[in-house]
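Readers should treat all values here as calculations from the given coordinates under stated rules, not as data from a laboratory. Worth saying up front: this structure is predicted, and the values here are computed from it rather than measured. As a convention, Cβ positions derive from the backbone with ideal geometry for all residues, glycine included, and neighbour counts pool all protein chains shown.
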Amino acid sequence: MGTDRSFQRPKGTRDFLPDAMAVRRHIECAWRDAAIRHGFEEIDGPTFEHLDLYTVKSGDGIVSELFSFQRSGGDVDYALRPEFTPTLARMAAAQGRSLATPTKWFAIPDLFRAERPQRGRLREHRQWNVDCLGLPGHDGDAEVIAVAVTALRQLGLTSSDVRVRINHRGTAAALLSALGVPATAMDAAFTLVDKRAKMPSEAFAKEAASLGLDAAAVERLDAMASCRLPGEQSPVKLATDNGLPEEALEALAGLSEALERRGLLSWCDWDPGIVRGLAYYTGTVWEIHDLAGAERAVAGGGRYDKLVSLFGGPEVPACGFGMGDVVLGLLLEDKGLLDESVTGGPRPDVFIASSGSDEAEDRLIPLATALRDSGLHVRHTHKATRNIGKQLREASGCRARFVLILGDELSQGQVVLKDLDGGTQQELPLADVHIVLRRTGG
């Protein structure tokens, strides 16, 4: 029975047709490869968790931002995971003292947020999470930053496209205290600085004044929150430039040395305006932004040494980051890094074209099967036509490396192999096809 009803995908979600799926796999491949090259191991957890896993960290106010539910007839509250860090902390806490030192984990989960969709932010997205547990000090922070940069570099981005903007929560607190922010207002000050880039100057000044700052201090806070220093320069210069105590920058000076050893300073900026609003951060905080500032942060992370203990485990030094595929995909598209070589998906090694003779038709499927069994990516037409020219165009359209033509030569046990990249062709025995394809990179 027919119906006039049409179905649309839920708001804030995506369909992945082949070209979009190819982009997604391209990004995930760079993520996974970078993490593995740096010695991280892949993990995952359930798509939904108990609701209190999120409220214990973020409070009951987060519930309105989640897709939460109860099983029909049940009384337990669950939520689709909005982030992966609580799952990671729960898993680490369950390991207790048996947790290896260090533990280097990564995951590529789907995450869900019940909020208004907008450019760069959807209700469902895929995110790369990289976490290093048990490695104290700046080496852990520099290590996870190095993983992020490795992936971005592999995707074709450079330090002229994106910047790693770094601060330290202790540094931020010392600077804010030096400006006159009382300890009781420090959390509110962090939140205000975190929002600075999205606020008109008048609104920022009004909220800063509500923290007890006079007009001169508000002006200095605004200047501090807006200034950046290239990574190659000493972060201590931030203090001297803003008339603040140099000891407030000691933590960043140590991180600078760790980043320099890894050749990363040219990717980095020291930025007092980066504080990351989440309260569980305890040290270094950082975000990756495109240089033009056209998109949201590409990635964000930092140090959270008390998070595992919050979920019942031992107190473990920990740091990590998350990088979403939505903003990253927009940035790669804007930079022209998602051409046909990406959106076209994997290239076929060989396209088999049949002349339409009885012998060619008899050989086509068994030959395709044998070549696939040998590990090659093989295609052939599913159209009725056996016109060689049309089949060659189809092979070019799917970006095949070679075309194997089953023509008149087949009666002598020979076939024609055409190299679509080089434009050359050769006649060779049918029995040698898989050997030649392997030797030529197919």
More than 26 Å apart: what percent of Cα pairs in the stretch 56-200 qualify? 47 percent
Could you run the Debye sum over the Cα atoms of the stretch 163-237, one equal point scatterer each and no solvent, and tell me log10 of I(q)/I(0) at q = 0.15, 0.16, 0.23 Å⁻¹, two decimals? -0.50, -0.56, -1.11
Env charge @ Ile36, Cβ radius under 13 Å, K,R +1 / D,E -1, value -1
Please give the length that would be gained between Glu232 and Ala216 if that part of the chain were fully extended, namely 0.36 nm times their separation in residues minus their C-alpha to C-alpha distance (nm, one decimal). 2.7 nm
Placing each pseudo-label 7 Å from Cα in the direction of the beta carbon, Ala209 and Val76 end up separated by a distance in nanometres of 5.3 nm
Projected label distance in nm at Ala94 and Gln8, using a 7 Å step from Cα toward the beta-carbon: 3.9 nm
Determine, at each q value in 0.09, 0.10, 0.16, 0.21 (inverse angstroms), the log₁₀ of I(q)/I(0) that the Debye formula gives when each Cα of the stretch 233-383 is one equal point scatterer. -0.57, -0.63, -1.02, -1.33
How big is the gap, in Å, between the Cα center of the stretch 98-145 and the Cα center of the stretch 244-316? 13 Å
By how many degrees, between 0 and 90 and to the nearest 10, does the Cα long axis of helix 18-37 differ from the longest principal axis of the chain? 60 degrees
Over the stretch 154-309: Rg over Rh, Cα atoms, Kirkwood Rh: 0.96
Mind putting a number on the dipole of the stretch 18-340 about its Cα centre? Charges go on the C-beta only, +1 for Lys and Arg and -1 for Asp and Glu, and I need it in Debye to the nearest 20. 220 debye
Can you give me the P(r) profile for the stretch 346-439? Cα pairs, bins 5 angstrom wide beginning at 0, each as a whole percent. 3, 14, 28, 29, 20, 6, 0
With charges only on Cβ, +1 for K and R and -1 for D and E, what is the dipole size of the stretch 134-279 about its Cα centre, in debye, rounded to 20? 400 debye
How large is the direction-averaged shadow of the alpha-carbon convex hull of the chain, in nm²? 29.8 nm²
Square roots of five times the Cα gyration tensor eigenvalues for the stretch 1-77, Å: 30, 28, 12
How far is the Cα center of the stretch 317-348 from the Cα center of the stretch 52-93, in Å? 28 Å
If we count other beta carbons within 10 Å of each Cβ, what is the order of Arg116, Arg261, Arg196, fewest first? Arg116, Arg261, Arg196
Label model pair Ser266, Ala292: point-to-point distance (7 angstrom along the Cα→beta-carbon line) in nm is 2.3 nm
Could you list the GluC sites (Glu not before Pro) in the stretch 96-201 that lie in coil according to DSSP, counting only those with at most 14 other Cβ atoms within 10 Å of their Cβ? Glu115
List the lysines whose Cα sits under 16 Å from the Cα of Lys206, skipping any in the same chain fewer than 8 residues away. Lys195, Lys198
Rounded FRET efficiency, nearest 0.05, which uses the C-beta distance separating Thr369 from Ile62 and R0 of 41 Å: 0.15
